[in-house]
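S.K.: There's a structure below that I have some questions on.
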Amino acid sequence: MKILFLALLSLTMASSAAFALQGKLILKSGHSFKGDITKYSDGSYLVCGRSGAVKFEKSEISRVIVYSSKDPLSESFASSLKVTPGARPAASSSATPYDNTIHKAAKKNNIDPALVKAIIKAESNFNPLDRSAKGACGLMQLMPQTARLLGVKNIYSPEENILAGTRFFKDMLFRFNGNVDKALAAYNAGPGAVDRYNSIPPYKETKNYIKTVNKNFIKYKNRDGRICSYTDANGCTTIYNVK
């Protein structure tokens with residue numbers, strides 16, 4: 001009980017001090033997610049893994065495990081944080097007509113909106129009428145049969161398409177235990193392909209797709225806040241996302 005209390009206290013300090021702690025969230029569903037964990041004032045948690053981030057509400061979480069702790073930022077450390085040049089372009093440079101729907105879908109499914117936006121960019125380049133040679137349609141390139149299973153009535157409706165596509169991606173995250181790359185591979189090549197190889201399928205298109213989404217995610221995530229860096233005496237650079 002005491003260890004858990006200290007862990008939660010450390011997480012609270014980390015959130016206000018602009019860094020996260022390495023750890024693992026265990027959900028009531030039994031799934032677990034590893035990565036950099038940040039606790040928000042409303043009790044929700046953000047887990048940032050190697051290639052993406054997922055946010056969970058307090059009601060979804062069973063346990064929080066922290067692997068290491070850090071002291072609050074010292075004045076000298078805080079003063080050495082430097083804003084990365086070009087990390088805060090004008091908001092209009094990345095704005096789209098679908099941002100409100102993206103945030104709505106992201107909040108509903110507890111997924112970082114920057115990741116949802118990154119997927120849409122890779123899938124359709126924000127063209128709501130896009131249709132692939134394989135028959136995938138709309139902003140998030142849903143296959144008609146998948147859209148029907150998710151209750152979509154108009155596959156070209158931006159709101160329906162984004163809500164359903166985000167829901168499907170969250171399902172893939174749970175299916176593959178929070179592994180963002182595997183979830184992206186499943187979104188691109190189908191979950192059966194990931195199951196068959198028990199890994200990311202060796203398809204050039206799928207590998208390029210994952211790289212593209214990750215690159216887009218970093219771009220959109222950087223535009224949500226200030227990206228700061230600190231380089232220590234050993235030349236090790238640490239990056240922080242400071243709201």
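S.K.: Return the FRET efficiency for the residue pair Ile218, Arg131: r is the Cβ-Cβ distance, R0 is 22 Å, and the value is rounded to the nearest 0.05.
M.R.: 0.20
S.K.: On full extension of the chain, what length is gained from Asp99 through Asp42, given 0.36 nm per residue of separation minus the C-alpha to C-alpha distance?
M.R.: Difference between extended and current length: 18.2 nm.
Each reported figure results from applying straightforward, stated rules to the coordinates on display, with no laboratory input. A quick note: this is a predicted structure, and the numbers were derived from the prediction, not measured. All Cβ positions, even for glycine, are placed from backbone atoms using ideal geometry, and neighbour counts span all protein chains on display.
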